[in-house]
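Worksheet: one structure, shown below.
The values are calculated or read from the model by the stated rules, or taken from the named source; none is laboratory data. Everything quoted here is computed from the prediction, not taken from an experiment. As a convention, Cβ positions derive from the backbone with ideal geometry for all residues, glycine included, and neighbour counts pool all protein chains shown.
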Amino acid sequence: MTTELEPKDESSARARTSKKMAWLLDECIRIPGTNIKFGLDPIVGMIPGGGEFIATIAGATVLGEAGKKGIPFRTLIRMGGNMLVNALLGLFPFFGDLFSVWFKSNKRNYEMLTEYLDSDDGKEAKGGWWPILFVMFILGTVLVINIAVFAALAITAHWIVNKSVLFTPPV
């Protein structure tokens with residue numbers, strides 16, 4: 001992964017909006033005396049009650065641009081996974097913002113977009129499967145929790161119906 005958000009050649013200029021958004025959200029501020037850069041994503045993410053949502057919607061412009069450019073579906077899934085990981089972990093105060101400073105999901109997505117646009121044969125960007133596995137883990141966890149809640153409600157309803165005086169038939 002490169003350290004700067006600079007286009008590699010003229011074909012990357014087609015993703016100018018994505019470049020600007022990735023830079024603004026992930027690298028527009030540099031801590032003096034260090035090489036640490038961060039953007040508005042972790043700052044906006046600190047706003048209670050929706051800051052992470054706003055930052056994620058702003059980052060969706062990179063994903064939207066990738067969709068317009070004809071990025072393969074698997075790469076779009078990886079890019080969406082990067083956004084989801086950043087958004088979900090961003091829900092944890094302080095830790096999520098530190099994670100966002102390190103992870104830079106928008107920069108990663110921009111690099112995946114430019115790698116595809118810069119390749120002559122339409123090569124998909126490397127990105128690994130971990131965002132997809134993370135999303136599947138989250139969805140599986142939500143499914144298990146929903147099944148457990150439904151089972152608990154069904155057991156409770158059954159107990160109420162069988163033990164309640166209100167539902168006891170007259171003798």
* **Given (1) of a type in the set (Lys, Arg); (2) over 15 Å from the mean Cα position of the chain (by Cα); (3) surrounded by 17 or more Cβ atoms within 10 Å (Cβ to Cβ); (4) under 19 Å from THR17 (Cα atoms), index of the condition LYS68 fails** => (3)
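Does ILE57 satisfy the condition of being over 14 Å from ARG108 (Cα atoms) and outside any helix (DSSP H, G or I)?
Values: over 14 Å from ARG108 (Cα atoms): yes; outside any helix (DSSP H, G or I): no.
When the stated conditions are applied, ILE57 does not pass them.
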* Give me the pairs: first residue in the range 70-95 and over 14 Å from ALA55 (Cα atoms), second residue small (Gly, Ala, Ser) and part of a loop (DSSP other than H, G, I, E, B), beta-carbon distance under 8 Å, and six or more apart or on different chains, which are they? -> PRO72/GLY122; THR75/ALA125; THR75/GLY127; ARG78/ALA125; ARG78/GLY127; ARG78/GLY128; MET79/GLY127
* Asked: Can you name the residue in the range 39-65 that is touching a Phe, Trp or Tyr at 6+ places or on another chain (Cβ under 9 Å) and modelled with pLDDT of 90 or more and, of all such residues, is nearest to GLY96 (Cα to Cα)?
  -> PRO42
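Here are THR114, THR141: which of them is loosely packed, with under 12 Cβ neighbours inside 10 Å, more than 19 Å from ALA55 (Cα to Cα) and modelled with pLDDT of 75 or more?
Details: THR114 fails: loosely packed, with under 12 Cβ neighbours inside 10 Å.
Answer to the check: THR141.
Each row is one residue, and each column tells you yes or no for (1) in contact with a helix residue (DSSP H, G or I) (Cβ under 7 Å, 6 or more places away or on another chain); (2) of a type in the set (Gly, Ala, Ser); (3) within 24 Å of VAL142 (Cα to Cα).
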residue	(1), (2), (3)
ILE29	no, no, no
ASN35	no, no, no
PRO42	yes, no, no
GLU52	yes, no, yes
LYS69	yes, no, no
ASN86	yes, no, yes
* Asked: Would you say ILE57 is surrounded by fewer than 20 Cβ atoms within 10 Å (Cβ to Cβ), farther than 26 Å from VAL142 by Cα and either β-branched (Val, Ile, Thr) or not assigned by TED's automatic domain parsing to the domain that holds ILE138 (or both)?
  -> no
* Restricting the range 19-56 to residues that are more than 16 Å from the chain's Cα centre (by Cα) and of a type in the set (S, T, N, Q), the residue that is nearest to MET83 (Cα to Cα) -> ASN35
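Based on this model, can you work out whether ASP120 counts as surrounded by fewer than 10 Cβ atoms within 10 Å (Cβ to Cβ), assigned by TED's automatic domain parsing to the domain that holds ARG78 and at pLDDT 75 or above? Working first, answer last.
On the way: surrounded by fewer than 10 Cβ atoms within 10 Å (Cβ to Cβ): yes; assigned by TED's automatic domain parsing to the domain that holds ARG78: yes; at pLDDT 75 or above: yes.
Yes: the conditions hold for ASP120.
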